[in-house]
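Inspection log for the structure reproduced underneath, given as structure tokens.
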Amino acid sequence: MAISSPDPRCPPKALHKFTKAMPSSVRRCSPPQGSCLAALLALAALASAGRLGSAAATTMGGSEGEWDVLSVSSLLPSSTCTAPAAASNSTTLRVVHRHGPCSSLRSRGEPPSHAQTMARDSERLDAIHRKAGGRATASTKLGGANVTLQARWGKPLGTSNYYITVGLGTPARNLSVELDTGSDQSWVQCEPCDDCYAQHDPLFDPAKSSTYAAVTCGAQECRQFGTQNCTSSEDDDRCPYALTYGDNSRSTGNLARDTLALAPGTTLPGFMFGCGHKDAGIFGEVDGLFGLSRGMASLSSQLAAAKLGAAGFSYCLPSTSSAVGYLTFGGANAAVAAPANAQFTAMQTGELDASLYYLNLTGMTVAGRAIKAPPAAFAAAEGTIIDSGTAFSRLPPRAYAALRLAFRRAMARHGYRRAPAPAPFDTCYDLAGHRTVRVPAVALEFGDGAAVRLDPRGVLYAWDEAFQVACLAFAPDPDLGVIGNVQQRTLAVVYDVDGKKIGFGAKGCA
């Protein structure tokens, strides 16, 4: 596409002289309407995006709507770790992708393939369906006998890809645990471990912690969160638990309490967790998992109950696995801090599972224009949740079809070639030979007026690194809407549980 001058004060020769040395991938982009100076500045921004390689996206606008220009290489993780920003308060923890160069958990094996990532995402989605379906019991095998356990902690969903490092016990032992907004429970692998997966750190040894205490069968916590078949004996009065995840990973052990150190000077005495003695699955090398759902046993709920902060937390998931995000909790008796640019929307009540975080998604825009789907098209039968463990967002079929149509038309206007699409995707593009890509801006709209523009790296997902194929990172689902972690990238996501609202702030992390 030739570059044209919309303004007589800016003759084509001037633009041609300015763009002669530009890469072809940048020259294809027409400048927005405006004066000669505005056109030259727009082209300069495009040129910069082409030169900087992995630089942040450049936001553009004009007669064609809102769109972003970013380097193709920025869709892929770097081989080096991006240093995190300084912590804003004493309760800020680093959020690390377990398969990226910032992770200390990479010594064994290769990261999962894209096909494996999609398979695990489907397993987690199935687990959410089962959890939202309100089933009250789970059958598992414990101690050599088939027994039925009441899922009083809520149905566990499966593994995610992000972890934090905390201290457990006295003296504190540093442990790396996954974080999961879809889970109530927290657990770590403990000594003695008869059947455990290989983890990065030594197993947590309760005998070496002066503040460790097992939860007994007669304790209220056992009646609330333990299994139905807890029986006391002279040899063992510990309260058992058993969890089976959607991907068939499992953790079995006993409930316990110990001191949890989130950061220097910030501790939670009597933190309740599962001490796992028989664990298996695709947890990688993490030492356990911490739940952040709305359930009573989650970490954020326990912090609030101990009056160490309001019920809530905030996090930012990095743009790629080579960057670092954060997780933070509110200070003593204070609400979770929110960025100044945060847009808040009300939490909805989940009719089938009150522990998940439901939102009222009612619309979307592509390139600044509303897609052709009424609010009713976004009303999923099981509601719409925001989830840290599901990778790719799901929409009801009618809403997804409208998003797909608008996105395809926007990409076609700039000549991007479609590429074969692996399931569940159906809208992919061949970016071979492109140093930069124009991505139409995609925004989520909620029923109370909040609008959240996604980072472009939360819109396109690089599926094939060798051939540079990138796909629209959404998929349809007939029953459940999900805002996944890919779409949450670089957003400061604030869970104000006390205020019953969730906020989104742009550029929360790199």
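The charge dipole of the stretch 290-429, taken about the Cα centre with unit charges on the Cβ atoms of Lys, Arg (+1) and Asp, Glu (-1), comes to about 800 debye, rounded to the nearest 20. With all pairs of separate Cα atoms included, the stretch 377-510 yields a Kirkwood hydrodynamic radius of 15.7 Å. Dipole magnitude for the stretch 413-510: computed about the Cα centre from +1 point charges on Lys and Arg Cβ and -1 point charges on Asp and Glu Cβ, it is near 500 debye. Solvent-accessible surface of the stretch 166-259, averaged per residue with a 1.4 angstrom probe and all protein chains in place: 42 square angstrom. Rounded to the nearest Hz, the phi-derived 3J(HN,Hα) couplings of the stretch 429-441 under the Karplus curve 6.51 cos²θ - 1.76 cosθ + 1.60 (θ = phi - 60°) are 9, 8, 9, 4, x, 9, 8, 10, 9, 8, 10, x, 5, where x marks glycine and proline.
Karplus-derived 3J(HN,Hα) values for the stretch 369-383, using 6.51 cos²θ - 1.76 cosθ + 1.60 with θ = phi - 60°, are 10, 5, 6, 8, 8, x, x, 5, 5, 8, 7, 6, 4, 9, x Hz; glycine and proline are entered as x.
Evaluate E = 1/(1 + (r/R0)^6) for residue 280 and residue 229, where r is the Cβ-Cβ distance and R0 equals 35 Å; express this FRET efficiency to the nearest 0.05. My answer for the efficiency is 0.95.
Taking the square roots of five times each eigenvalue of the Cα gyration tensor of the stretch 440-510, the equivalent ellipsoid has semi-axes of 25, 15, 11 Å, listed largest first. Summed over the residues of the stretch 416-459 and divided among them, the accessible surface reaches 35 Å² per residue at a probe radius of 1.4 Å. Under a 5 Å amide H cut-off, with hydrogens placed 1.01 Å from N, residue 183 pairs with 292, 293 among residues at least 5 apart or on other chains.
The distance linking the stretch 269-297 with the stretch 396-411 is 38 Å (Cα centroid to Cα centroid, whole angstrom). Placing pseudo-labels 7 Å out from each Cα toward the beta carbon at residue 114 and residue 372 gives an inter-label distance of 3.0 nm. Note on residue 500/residue 174: beta-carbon distance plugged into 1/(1 + (r/R0)^6) with R0 of 25 Å gives a FRET efficiency of 0.15. In this simple spin-label model, placing a label point 7 Å from the Cα along the Cα-to-Cβ direction at both residue 198 and residue 340 gives a separation of 5.0 nm. Note on residue 430/residue 381: beta-carbon distance plugged into 1/(1 + (r/R0)^6) with R0 of 51 Å gives a FRET efficiency of 0.90.
For the stretch 402-503, applying the loop criterion from DSSP together with a ceiling of 16 other beta carbons within 10 Å to the chymotrypsin sites (Phe, Trp or Tyr not before Pro) yields 467. Placing +1 on the Cβ of each Lys and Arg and -1 on the Cβ of each Asp and Glu in the stretch 177-237, which of 177, 209, 219 has its Cα farthest towards the positive end of the resulting dipole? It is 219. A full extension of the chain between residue 409 and residue 448 corresponds to an added length of 11.2 nm, given 0.36 nm per residue minus the alpha carbon distance.
The values are calculated or read from the model by the stated rules, or taken from the named source; none is laboratory data. Because the structure is predicted, anything quoted here is derived from the model rather than measured. Every residue, glycine as well, gets a Cβ built from its backbone with ideal geometry; the counts of neighbours run over all protein chains shown. Each accessible area value is taken on the protein alone, full model and side chains, heavy atoms only, with ligands, DNA and RNA left out. Shrake-Rupley method; radii C 1.70, N 1.55, O 1.52, S 1.80 Å.
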